[in-house]
Amino acid sequence: MQGYIVRRLFQGVVLLVIVTTIVFAVGRLTGNPVDLLLPEEASEEERQAMIEALGLDGPVLEQFVVFIKGAVQGDLGVSIRYRQPAVDVFFSRLPNTLLLMPAAMLLAVFMAIPLGILSALRRGRLTDKVSGTIAVLGIATPNFWLGILLIYIFSVQLGWLPSSRMGDWSHYVLPTITLGTFLVAGFMRLIRSSMLDVLDSEFVKLARIKGLSEMRVVWKHCLRNALIPVLTLWGVFMGGLVTGTIVTETVYAWPGVGRLTYEAVIFRDYPLLQAVVIMDAVLILAINLVVDILYAYVDPRIRFT
Amino acid sequence: MFIIGGMIFAAVFAPYLTPYSPIDQTLPDKLLPPFWEAKGSMKYILGTDIFGRDVLTRLLYGARVSLIVTGLSLLFGGGVGLLIGITSGYIGGRLDSLLMRLVDAAFTFPAILFALLLAVTMGQGLDTLVIAIGLLLWAGFARIIRGEVLALKQRDFVALAKVHGCSELRIMVTHILPNVMNTFMVLVTLNVGAVIVAEASLSFLGAGIPPPTPSWGLMVAEGRGKISSAWWLSLLPGIAITLVVLTFNLFGDWLRDRLDPKLRQL
Amino acid sequence: MNGDIALEVRDLHTHFFLRRGVVKAVDGVSFSLHRGEVLGLVGESGCGKSVTALSLLRLLPNEAARTVQGQVLLDGEDLLVKSKRQMRQIRGRKISMILQDPQTSLNPLFTIGNQLSEVISKIGAERGGGVMQQAIEVLRKVKLSAPEQRVRQYPHELSGGMKQRVVGAIAMNRGPRVLIADEPTTALDVTIQLQYLNLLKELQENTDMAILFITHDFGVVARMCDRVAVMYAGRIVETGPVREVFNNPSHPYTQALIASVPKLKRPEARLHTIEGQPPVLTDLPKGCRFEARCPHAEARCRAAYPDSFTVGAEHAANCWRLDPA
């Protein structure tokens, strides 16, 4: 178990190094990072100071060392727009995103598990067909457009729900649905297909031979097995979720990390964007580690290897 | 099928299908609704935007942009994935495990962030967009192609080629490559939808093809501010995206089931 | 005689309704199983043995499969007319089954003890010092080494033979009247096979449990069974006491099967193989189903399915050549 976690952590660190290296490389791509890192109206002295601080007149390897040193100490440059350390800006927005993401995940879990199970049990019947169609639609609808559509229906036409910014619970409804839809659709399809495999397995047959009730067969013997592929593919969904927050928070003017990413792009605030990318990687790794531990808890075969 | 054909037709013949220009502004005619609304007219079937440009025209030209971007990035990302998948699977060993680590990493980290990063450093444009979306694709291609190659490697005809003294490179090109083309084509079709969404998302976030060139994602973004007064500006291009993506996804599923049922699990 | 019968199957038909046609996997199977008896059901793969077994338990794999006709009388009660709820009460308690592959028969995510606990009654647990204590006892009965540790282990930590003992323990713990063993040793190593068969025999001898032993291996039949029923293309073609059938196989298919078993006494003799393929189950011939592969086929074999003819005491076979007329 410990070996497993250590291995996972190590893989995470490797990923972080890769991400940081790429960010560094992309920053040097245009040849002159100073233009990216400083506001356009910066004075010549400021430029000179930056060149010295980052060792930009030295060899690339040296620059990389300076960059990594800074990154490790939590220094990823100063945001051009906010005029404060980019990492600080990131952390000031993070809590808002951490309210939205779990809401979407909960929605996904509570919708996808029952629907996935139900469509597997009623394979080929109406329930299966309806939820299958919803899943296909959910995957095909880009969520920025879904967000705008929901705003149009529920805010503009019906006037039931607020269309932007944070506030009481009603502000959470539309962003959560927007962000959660693709998760619901993806999970549902995955759970349905793995559930079908599990229902066909020999140990489910044995459970039935034991004379167990159908409830017990489904909830005890099938569900945990059917959830394993979801946990295995979690990393992929996590990436989609982060992408989803960028778009969703932009649509709903939600002051979180995703919206910050958008602002960094729009205002060409490179130091902020680079900080967001690296910190997002850290965030993803942290969440994935939690999921990995959960995975080991669910599947004993992992725990002992 | 009809929708795919329609989209390609629209993209190719856009200039002949509409009397308007997608870029030139006609300010007196701004913000007209589609024909079925009270103030709409058949002059602008799907209405006009804030600069008085015909929405239908822009949709048709947008299809063109979408198709070009999709085609190029699939060619680029898929090609890179194909190359890496074959090399990794065929050569194996250290190189294989290194490349697969990289693939795992690419899977965990959302490529869209790199795409945004590129857009800021390199500036917006077709090249940036294609590279960015290519980054999104290569890992998925590489992983599956590698799996195929591993299976192919065990087959007799590869052993036979070795006995005949073919060079490794020759085996890869003449024996392995043709045999993974089926899978490659299925992967391409399965990914069209994802690429269109990615292109639209990037355009929406201001990191796609720069305005005023029409792109569906950009049109949705531009119309967003006018959602309460001019719904058609962002809802119509969105419908176009969803419809096209849906069709390509269904087509991809169908093709996969026909050509390569093993890929079912994806 | 009648009170002696644990399970009687009458004219069982189970069909698969597929798009390409109706597959008659089980097409009129009848047999009876006496108390304390081991009946071997023999036949090549795909002849309907396993489908017969699953039909008895009413655990057919999917909706396309349905038992369309027949009776399954367990202690005189027809299982095919029971409600789902009643059936659950019967499964595991009165009729139970050991599956073929021990590697996949146990749920990988739960401990052995946990999976055993599902077949230990509350009363039994109270008397036996708690569920886990009871589970250990159960494992001891199937002679699993170190049962105290096993209950806390997961399936992947056990070998195939050990797992199959656990499956056996699960199937037999509630003392069912009838146990169906569907090729329980096919997936095991040869040395372990013998141990397992001996264990099964031993456990059975202490009770009056009847076993329906499904196999394709006549050697195993000779070791395990009292009587044997030979199945071909969805029907039973010959039944009789094992010794009788071995000494006087009367259906050409049985003869061919026995001839294909290697014998130690005559190592020089060539092993027989049966030419051809069994008929397609969607498109069965009107006459004898073995006719196309039979060395003795005649015109009447093609015309009508042969009746059952008595060959000896309790020994009968469906072949026109046995027609005394």
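Among the residues in the range C:85-102, are any of a type in the set (Lys, Arg) and more than 13 Å from chain A (Cβ to nearest Cβ)?
The answer is no; no qualifying residue exists.
Show the residue pairs meeting these rules: Cβ distance below 9 Å; 6+ apart or different chains; first residue within the range C:34-59 and within 14 Å of chain A (Cβ to nearest Cβ) and under 18 Å from C:LEU99 (Cβ atoms); second residue part of a helix (DSSP H, G or I) and of a type in the set (Gly, Ala, Ser).
C:LEU59/C:ALA53
Only one of A:VAL265, A:VAL277, A:VAL257, A:VAL230 is closer than 19 Å to B:PHE114 by Cα and either more than 7 Å from every other protein chain (Cβ to nearest Cβ) or at pLDDT 90 or above (or both). Can you tell me which?
A:VAL257
Considering only residues that are among the β-branched types (Val, Ile, Thr), touching a residue at least 40 places away in the same chain (Cβ under 8 Å) and over 25 Å from A:VAL242 (Cα atoms), which ones fall in the range A:97-127?
Selection gives A:ILE117 alone.
Tell me, which residue of the range C:63-86 that is part of a loop (DSSP other than H, G, I, E, B) and of a type outside the set (D, E, K, R) is modelled with the highest pLDDT?
Top of the filtered list is C:SER83.
Does the range B:121-137 include one or more residues that are more than 13 Å from chain A (Cβ to nearest Cβ) and more than 17 Å from B:SER73 (Cβ to Cβ)?
For the range B:121-137, residues more than 13 Å from chain A (Cβ to nearest Cβ) and more than 17 Å from B:SER73 (Cβ to Cβ): absent.
Under the condition of being within 14 Å of chain A (Cβ to nearest Cβ) and among the aliphatic types (A, V, I, L, M), which residue from the range C:104-150 is surrounded by the most Cβ atoms within 10 Å (Cβ to Cβ)?
C:ALA135
Is it fair to say A:LEU199 is farther than 30 Å from B:ALA198 by Cβ and surrounded by fewer than 22 Cβ atoms within 10 Å (Cβ to Cβ)?
Criteria met by A:LEU199.
For the range A:134-186, which positions are assigned to a helix (DSSP H, G or I), over 17 Å from the mean Cα position of the chain (by Cα) and away from chain B (no Cβ under 14 Å)?
Within the range A:134-186, A:SER170, A:HIS171, A:TYR172, A:VAL173 meet the criteria.
For A:ARG208, state whether it is surrounded by fewer than 18 Cβ atoms within 10 Å (Cβ to Cβ) and within 14 Å of chain C (Cβ to nearest Cβ).
no
Give me the residue from the range B:188-244 that is polar (S, T, N, Q) and at pLDDT 80 or above and, out of that set, nearest to the chain's Cα centre (by Cα).
Looking at the filtered set, the residue picked out is B:ASN191.
Those residues that are within 25 Å of C:GLU63 (Cβ to Cβ) and surrounded by fewer than 21 Cβ atoms within 10 Å (Cβ to Cβ), I need them from the range A:179-196; list them, please.
A:ARG189, A:SER193, A:LEU196
Does A:SER131 fit the bill of being away from chain B (no Cβ under 14 Å), more than 25 Å from the chain's Cα centre (by Cα) and surrounded by 15 or more Cβ atoms within 10 Å (Cβ to Cβ)?
Considered against the rule, which asks whether it is away from chain B (no Cβ under 14 Å), more than 25 Å from the chain's Cα centre (by Cα) and surrounded by 15 or more Cβ atoms within 10 Å (Cβ to Cβ), A:SER131 comes out as no.
Just one of B:LEU152, B:LEU136, B:LEU126, B:LEU118 is under 22 Å from the mean Cα position of the chain (by Cα) and farther than 27 Å from A:MET279 by Cα; which is it?
That would be B:LEU126, the only listed residue that is under 22 Å from the mean Cα position of the chain (by Cα) and farther than 27 Å from A:MET279 by Cα.
Which members of the range C:215-251 meet the condition of being over 19 Å from the mean Cα position of the chain (by Cα) and closer than 24 Å to C:VAL51 by Cβ?
Answer for the range C:215-251, where residues must be over 19 Å from the mean Cα position of the chain (by Cα) and closer than 24 Å to C:VAL51 by Cβ: just C:HIS251.
The values are calculated or read from the model by the stated rules, or taken from the named source; none is laboratory data. For clarity, every value in this text was computed on a predicted model and none was experimentally measured. Backbone-built Cβ (ideal geometry, glycine too); neighbour counts: all protein chains shown.
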